[in-house]
Amino acid sequence: MNTPLVVANWKMHGDQASCARLARQIVRALRHQPASAEVVLAPPFTALNAVQRRLSGSPIKLAAQNCHWEVQGAYTGEISPVMVRELGCTFVIVGHSERRHVFQESDDMIARKLAPVLRQGMRAILCVGETLDQRQAKKTATVIHRQLRIALKGLTKADIANSEIAYEPVWAIGTGQNATPKQISQVHRLIRKCLTNRFGPSAGKHARILYGGSVKPENVASLVAVEEIDGFLVGGASLQSETFLPIIRAFSQK
Ligand code: 13P
């Protein structure tokens, strides 16, 4: 089995002090009882530095929630892959559904971001997922195929070895509504098949496919039991150590 990966996406929550405090709690808990999963924290940009200082010397890694595709230039308000790497990020989340739907990032824009992240020596976490309308219209497979085809267009086998794919059904994010184990395994299998077809069996087998969407301590046991899940991308429940740590620990039982 691939080493599980659990990513905390703190979205636009927390100031420097509260993010640093939460990071410190997680570091201490995992020092006391190491996790079998790899753990990554994605605080808001403004707290990256404060959190990075808490993480130094620990196995927990730092992620940016987004970045631009250019390394520098006249892009007011944007942050480049070089800038987040300089702050200690080793992962970047690309194409989160809130970027796609709230900020109108297109498949092409998302595709442009992946290679620059990888060229800076960071790992990319590419998010894909369908809306409720698309699921009800039985277009889930078409949407996921399209998102993957466009995003992965220019990437090589070596690039995919440095990337994770996160399946986040838009209708399950922040709604308290989970996708069922059956729905998740179907989509995860489809993603793995796409990767295998495009990059070969070894790349397909080793890619980590995460699930995100209302993952909570109450439902994590049924989710880790899903063979096709290699980890989680967690929003709301990652904002407190009391709810995030049980999600990390759930993989010790897998
Ligand atoms: P929730 O866990 O709050 O549903 O958010 C999921 C998510 O968007 C993680 O990136």
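Averaged per residue, what accessible surface does the chain expose to a 1.4 Å probe, in Å²?
Numbers: 11730 Å² over 254 residues.
Solvent-accessible surface per residue comes out at 46 Å².
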Give me a comma-separated list of calculated 3J(HN,Hα) values for the range 160-177, in order, Karplus coefficients 6.51, -1.76, 1.60 applied at θ = phi - 60°, integers in Hz, x for any Gly or Pro. 5, 5, 9, 10, 10, 10, 10, 8, 10, x, 4, 6, 9, 8, x, 9, x, 9
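Pick out, in residue order, every one of the chymotrypsin sites (Phe, Trp or Tyr not before Pro) in the range 1-95 that is DSSP loop and has at most 15 other C-beta atoms within 10 Å; say none if there are none. It would help to have the intermediate numbers written out before the result.
On the way: sites: TRP10, PHE45, TRP69, TYR75, PHE91; in loops: TRP10, TRP69, TYR75.
Filter output for the range 1-95: TYR75.
Looking at the square roots a ≥ b ≥ c of the eigenvalues of the Cα gyration tensor of the range 1-120, which shape do they give, rounded for a/c under 1.5, prolate if a/b is larger than b/c, or oblate?
Working: a/c = 1.92, a/b = 1.61, b/c = 1.19.
Prolate shape, in that a/c is at least 1.5 and a/b is the bigger ratio.
If you build the Cα gyration tensor of the range 130-210 and take the root of 5 times each eigenvalue, what three semi-axes come out, in whole angstrom, biggest first? Could the numbers behind the result be given before it?
On the way: eigenvalues 110, 34, 24 Å².
So the three semi-axes of the range 130-210 are 24, 13, 11 Å.
Summarise the long-distance tail of P(r) for the range 152-198 by giving the % of C-alpha pairs beyond 16 Å. Display every interim value, and only then the final one.
On the way: 527 of 1081 pairs.
When all Cα pairs of the range 152-198 are counted, 49 percent exceed 16 Å.
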Go through LYS216, LYS138, LYS205 and list them by solvent-accessible area, largest first, probe radius 1.4 Å. LYS138, LYS205, LYS216
Proximal charge balance of TYR211 [Cβ under 9 Å; K/R count +1, D/E count -1]: -3
Report the dimensions of the range 108-244 along its three principal axes from the alpha-carbon atoms, largest first, rounded to Å. 38, 36, 28
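How much length, in nm to one decimal, is gained on full extension between ALA17 and LYS182, taken as 0.36 nm per residue of separation minus their Cα-Cα distance?
On the way: separation 165, 0.36 × 165 = 59.40 nm, distance 4.03 nm.
Once the chain is fully extended between ALA17 and LYS182, it gains 55.4 nm.
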Rounded to two decimals, the Rg over Rh value of the range 74-188 from Cα coordinates and the Kirkwood Rh reads 0.98
So the FRET efficiency between ASN162 and ARG28, C-beta based with R0 = 41 Å and rounded to 0.05, is 0.90
Just the accessible area for SER80, please: 1.4 Å probe, Å², rounded to the nearest 10? 10
Diagonalise the Cα gyration tensor of the chain and give the resulting equivalent ellipsoid semi-axes, square root of 5 times each eigenvalue, largest first, whole Å. 25, 23, 17
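The values are calculated or read from the model by the stated rules, or taken from the named source; none is laboratory data. The model shown is predicted, which means the values in this text are computed figures rather than measured ones. Neighbour counts are summed over all protein chains in view; Cβ atoms, including those assigned to glycine, are modelled from backbone coordinates with ideal geometry. With ligands, DNA and RNA removed, areas are computed over all heavy atoms of the protein, side chains included. Shrake-Rupley method; radii C 1.70, N 1.55, O 1.52, S 1.80 Å.
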